[in-house]
Each structure stands twice: as structure tokens, then as C-alpha cells.
1. To the nearest 20 debye, what charge dipole does segment 1-80 have about its Cα centre, counting +1 at the Cβ of each Lys and Arg and -1 at the Cβ of each Asp and Glu?
2. Treat the count of other C-beta atoms within 10 Å as a stand-in for reagent exposure and order 13, 92 from fewest to most.
3. Do any of 134/197; 45/149; 32/142 go past 31 Å between their Cα atoms, and which?
4. How would you rank 219, 72, 160, going from fewest to most other Cβ atoms within 10 Å of each one's own Cβ?
5. If you restrict to DSSP beta bridges whose two residues both lie in the chain, what percentage is antiparallel, to the nearest 5?
6. Once both axes come from the Cα atoms, what is the angle between helix 131-148 and the longest principal axis of the chain, in degrees from 0 to 90, rounded to 10?
7. Nearest 20 debye, what's the magnitude of the dipole of segment 1-152 about its Cα centre given +1 on Lys and Arg Cβ and -1 on Asp and Glu Cβ?
8. Beyond 19 Å between alpha-carbons counts as too far, so tell me which of 2/113; 147/180; 2/215; 113/209; 54/113 fall in that bin.
Amino acid sequence: MKVEYIHHSGCTVETEDYFLVFDYYKGDINLKNKNTIVFSSHSHKDHFNPEIFKWQEEQQDIKYVLSSDIEVEPGPNIYIMNPYESLQLDGVNIKSFASTDLGLSFLVEVEGKSIFFAADLNWWIWPEDSEEEKRQMEEAFKGEIEKIKGQEIYIAFFPVDPRLKENYSLGGKYVIDELKPKYFIPIHLWNKFNVTKYFAEEMKAYPTKVIEIYKNNQVIEIG
């Protein structure tokens, strides 16, 4: 697999026959002449840009998998998902899960390997949160991860958000503990790439390989 970290949470995964795009909203991207599926997890402007539909002018058979909160006209190549649904497109198996913010997270099986794209599913603990808000968030987050456990995950894309300050690694560490992905790729970085170095250092004793992100359009060869 070849992964490209585009910008913020936008990433692509290229395999022998497929090109997958996750949560593109801006940045340089080069489409491939392969079976292409574009995922948009929710309508927040840092995860969805309607410009993605212009890609059909270049590649007519492109397919879109969108969360139901995104307002878009339905079409023959647009697939709308709610949490806890399954979809098969051109041999790619897609399962949707919920988020602790808005929209969906995705578990995608392609060419025998599973990719978990968390989008805004995270253990969002902010410094100003009350104890009750912290408790509710922990319960919601851990409950959602419990639904995903048991899957063999090859790559996990997961938020390591520097705005959370001392809590930046809570969700990522829990995912590594519970889901045990082979590779972990940090997203939702706000161009604060140093946070991925700190997280990789914090997780160095774990068998999961944490990929350090140091720039937009970074290409990562995996496997």
C-alpha cells in the first residue's frame, strides 16, 4: 500500500487496483487511473469540500461514500451511509461506525487488508470540560471502540489533535491498546506536525508502528 497524507485529515490509500480518498478538503491531490472511492465522514468544512464532485470530470466512474449529514443531491455514483451500515463497492467492503462528534467513522477492507478511518471519532477531553462532560465523553468513546474490537486492522488513521493539550494522546493510546492496528497514522493535525513525533515517542514500546508526519503530501510506503 502507498499512503499519502494530504492535509489535516485528508489521506489517500493506493493499492494495486484501488485508490481510496478520505476526508479531502484542500491540498494537492493526484487522482489515479484505478477504481476510486472517495469517503467524506461528515459535513464539517475541515473534512468535506464539494469540490470533490468536480473530479468526475476527470474520472467518470469515481464513487462517493458520504455521511448522511452531508447535504448533496443523490446520484448513481453517490452512496449515503448512516452509522452501523455495510456496503460493498467493486470488491471493497465498507462498514460505518459512529463518531463522538459528527457523522461517521469507516472500516474499509480492500485487497484483504482492513483500514480504520476514525475521522472525528476521538476521546475529546478539553481543558474546560466539566467532570460530567468528561465522563460522558469517555463512555461514548470507549463504547464505540468496543463495537470495532475484534477486527484485524492493518492501518488506523486516528486524530492526534494538538488543541487537546495534555489530553492529545488519550484516544490514540486507547485505540492502540484495544484495536492493536499494525500501523497508526495520525490525522487532524492542524499543521502542528511535531505532535506526531511526541506521540510516536510515547508509543514506542508498543508493537503498533506509529508513522511520524512531518509535512503535507508526505508519501508513506507500507507493506
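None of the figures in this text is laboratory data; all of them are computed from the coordinates on show. None of the values given here were measured: they were computed from a predicted structure. Cβ placement follows ideal geometry from the backbone for every residue including glycine, while neighbour counts extend to all protein chains displayed.
1. Values: 7 positive and 14 negative charges, 17 e Å.
That gives segment 1-80 a dipole magnitude of about 80 debye.
2. Working: 13 25, 92 20.
By the 10 Å Cβ count, ascending, the order reads 92, 13.
3. Values: 134/197 26 Å; 45/149 29 Å; 32/142 37 Å.
Going by Cα-Cα distance, 32/142 fall outside the 31 Å limit.
4. Values: 219 10, 72 14, 160 27.
Neighbour counts put them in this order, fewest first: 219, 72, 160.
5. 55
6. Here the helix axis deviates by roughly 50 degrees.
7. Working: 14 positive and 30 negative charges, 75 e Å.
Dipole about the Cα centre, nearest 20: 360 debye.
8. Values: 2/113 13 Å; 147/180 14 Å; 2/215 16 Å; 113/209 16 Å; 54/113 29 Å.
The pairs that break the limit, which is 19 Å between Cα atoms, are 54/113.
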